[in-house]
Structure formats: structure tokens, C-alpha cells
1. If you add up the charges near residue 270, with Lys and Arg at +1 and Asp and Glu at -1, over every other residue whose beta carbon is less than 15 angstrom from its beta carbon, what do you get?
2. Could you work out how much longer the chain between residue 157 and residue 205 gets when fully extended? Use 0.36 nm per residue separation minus the Cα distance between them, nm to one decimal.
3. Which length gain, in nm to one decimal place, applies between residue 387 and residue 127 when the Cα-Cα distance is subtracted from 0.36 nm times their residue separation?
4. Between residue 421 and residue 278, what length in nm is gained on full extension when 0.36 nm per residue of separation is reduced by their alpha carbon distance?
5. Taking 7 Å along the Cα-to-C-beta vector as the label spot, tell me the residue 459-residue 354 distance in nanometres, rounded to one decimal.
6. Rounding to the nearest 10 and keeping the result within 0 to 90°, find how far the Cα-based axis of helix 344-353 lies from the longest principal axis of the chain.
7. Divide the volume of the convex hull of the Cα atoms of segment 315-472 by its number of residues and quote the answer in cubic angstrom per residue.
8. I'd like to know how segment 286-351 sits against the 2.2 N^0.38 Å rule of thumb: what's its Cα Rg over that expected value?
Amino acid sequence: MSIAFGKTLTVTETPIPGLVVLDLPVHGDSRGWFKENWQREKMTAAGLPDFGPVQNNISFNDAVGTTRGIHAEPWDKYVSVATGRIFGAWVDLREGPTFGAVFTTELDPSKAIFVPRGVGNSYQTLEPDTAYVYLVNDHWSPDAEYAFLNLADETAAIDWPIRLADVEISDKDKNHPRLAQVTPIPPKKIVVTGADGQLGRALRRRLGEHPHIEYATRGALDLTSADLGTARRWRDYGAIVNAAAYTAVDAAESPDGRAAAWAVNATAVARLAAVAAEHGITLVHVSSDYVFDGRADRPYLEDDPLTPLGVYGQTKAAGDLAAATAPRHYVLRTSWVIGEGKNFVSTMRSLAERGIDPAVVDDQIGRLTFTDDLAAAAVHLLESRAAYGVYNVTGSGERRSWADIAREVFHLTGHDPDRVTGVTTEQYFANATGPVAPRPRNSMLDLAKITDTGFAPRDSALALAEYLASQG
């Protein structure tokens, strides 16, 4: 076939997830032709991933029928033809439901294809002097995981234009395993930091136990270490979910607490963001309503100015800014988190059962967020590949004060809610003997952005009832 000049740049999906074919604009006349083989701005706008190529390779073939084997590598590849024409065959060799799926097409200089990590790539030349050009986003390593498939495998049933018996093939490519013997390429790794915390445990429940998911405590991965960049073979990771945080709000106002809060909530996040940026990793970072001063008369939006009142809020705001330096980032801003272990709800239940009538703050308003819901939102953003950025994630429903929530806990556990007395923040901390951090009075966060991604935050009142019921 002759090269088609003047095509519009378009991206076409194939039956293999992530494998897309591109029609390329080629400009030509009697003298020859020119094309933009890779143009980042235009091609990402058309829907191609910004996959960060680090190497450009060329394969030249002088004879018609030269056939290269089906090789799946642990990196993304963008393939085009500089001169000549090929028949290409791609086989999904990744773990998952599309393992073994096959796609074939012809490529000439006016057509290209993006081959995601783990999809087997092969071709057969249809014209002499064919040059096959490809960009990749990682360097070859003998330690990487590869998969190979026999060109003649009947399961794949590739209809090669020129019989394999009549073409030039290497002995190695002739002897690759059949599909049934191929070990699928696993997904890129996910590491969850702060795995022993409330959110870390919720993420473990959500993500489950799989070889490619790592749950790291501080002992296993010290985020404050200057050697963080070499602590893992980071090229093998696809996501870092940072559930580690210094959350002692009042202690952060002390000299030692201030240093610890800045180290964990800001400096460590900056180091994680640097790792993520260097290796194309998606960074999921959990933030707080404390980045705002709480003086607004409406729920806070993701792009409202950061106005923290105390040290804890200042460190979380700095962490937000640091996380955003990773090109692929999700910052989940949340409030009033309740999870497994000691928390406000469990404390109120204990007081109710022990006959203690508490005084609870009634001039701070917000919504509870349960760690299972926060974990679900983090996984949703990763799996849906939502636009990168900041997302507010809390329970939904009406605004309530801490005193309102305490009364509801008493009611749901069969106790008189009138036993709870509402007090101001100043009254509550009047007799404090240590440092007291300023609290935002309004912790309401607008949920429209996360809802628009298809995630439905659970009503916080319903979630509270379900939580108490689950505790027995």
C-alpha cells in the first residue's frame, strides 16, 4: 500500500487494553515525505499516555519477510515505521482477563502504535529496506521480567502474510514457549506506606494480599531517610500510596513534635515526590482539612488558598505542595478520620457504657470520614485513572459538630444523648497543661470533584451506624 498523506492525527483503541493505533499526519510530495514521529503536546492531547521515553531504537531489515519474535518487556513502547512497511502482531501477555488477546495490523510511515508494558510485540517486513523505530521509557536490564511467545502458537493463531516456513527467523524466536507455558507479566508494584496505621490497615483490606502489593511499615521503609531514592528498585513500581503521617496535632506545637511533623508530613513527602517524578510513578498522598483556617462560610474547594493555623496544618500544606511536584499525583484531602483502633467514636462509646457524661466541642463542624471509604477513594482514583490533582474525600451528608456526633453515638448504642454537653473549643481546652493547636472551626470539604469521577462518598451518618454495628 502507498503512504497516505495528510491524515488527521487520531488515536484508535484496539481489543487489547492500552494498545492504541495512531494515524499520523505525513506531509509529502515528489521529493519525499516528512512526519512528526513523536510530538508530545499533540499526541497526549489526542489521548496517548505521556509515557516518558528514555531511549530511541531503530531496527533495520533489508529483506522482505524478516520476522521478529513475540517479546513482552516491562516497559511501554511507541512504535512507528521510518521507511518500508510491516505486518505487526501483538499479544497480551499480562496477568488478567485479556491474557492471550491478539491484535494485528499493518504499519507504514503514516501509522504508529503504542504498546503498553507486558504486551508482546512482533512484526514481519513486507517491503525491502524497512526501518522500524521505537521509543521506550526504561533501560534494558538483565533483572527485568520478560515474557516470550512462540510465533507459531496455535492458540494465538496469527495469520502471518508470509508463511513462517518461508521467512528469516532466529533460532531463539523459533523455540519460545507456547501460550500455555508463558508466565504472565505481573502488574507494576504498589507500595503502601504507613501500613500499620488506621488507613494503612484499611488499604490492606481493600487491596488484598498480592505479590505485587507491598505494605511497608516505617521499619521496612524509612521515608525520612536521605537514601529513600535507592531504597527500592523504583522502576518496578507503578504507585506509591502514602498513608504515613504525623497526626499528633497538639504535640506538633512542641519543639520535638514540630521537628517530627515537618520530617514526616513535608520532607518525606518531597522525597517520595522526587522518586515518583524520576520513575513515572503515581503518588497518592493523604492530606487534611487542617490546611485551611476554617473561617470560610462554605465548604472548601480543592483550589482554595492554603491558610493553615498551626504547625500540623502547616506541615500538611507543605506536603500537599510537595506531592504536587510529582507529575502523576493524587492528593486526597480529608477530615475527621475514623478507623480501626482508638478514635473519637470508640471513645464516646466507651464513655457512654461506663456512665461518664462528656463535655464535647460544639463549635467545630464537619463530617466524619471512615478509613474504609478513604481507602476505596484512593483505589478508585488509581483504577479509574482520573485526572491527576487534589480531591476532597470525606463522608457525605449534613454538617455536624463533634457534640452532635457524640450524641448520635450515645443514641445508637442505647444511651441518653442528653448526657452529652456541648462546649466551645476555648472551654474544652481551658485547663490543658500542654500545648494546644488551633483548630479550624469549619472542616466542611466540597465533594463535587471526587463525585464527578464516579465515586460516591458514603453518607457519614449511615457510615457511623454501620461502623458501630460492626463493632458489636
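1. Working: positive: 271, 316; negative: 222, 227, 278, 320.
The answer is -2.
2. Numbers: separation 48, 0.36 × 48 = 17.28 nm, distance 4.04 nm.
Once the chain is fully extended between residue 157 and residue 205, it gains 13.2 nm.
3. Full extension of this stretch gives 89.4 nm more.
4. Numbers: separation 143, 0.36 × 143 = 51.48 nm, distance 5.27 nm.
Between residue 421 and residue 278, full extension yields an extra 46.2 nm.
5. 3.3 nm
6. Tilt relative to the chain: about 40 degrees.
7. Values: hull volume 19.9 nm³, N = 158.
Dividing the Cα hull volume of segment 315-472 by its residue count gives 126 Å³.
8. 1.31
The values are calculated or read from the model by the stated rules, or taken from the named source; none is laboratory data. What you see is a predicted model; the values in this text were computed from it and never measured. Methodologically, a virtual Cβ is constructed for each residue, glycine included, from the backbone with ideal geometry; neighbour enumeration extends over all protein chains shown. These area figures cover heavy atoms from the full protein model, side chains too; ligands, DNA and RNA do not enter into them. Shrake-Rupley method; radii C 1.70, N 1.55, O 1.52, S 1.80 Å.
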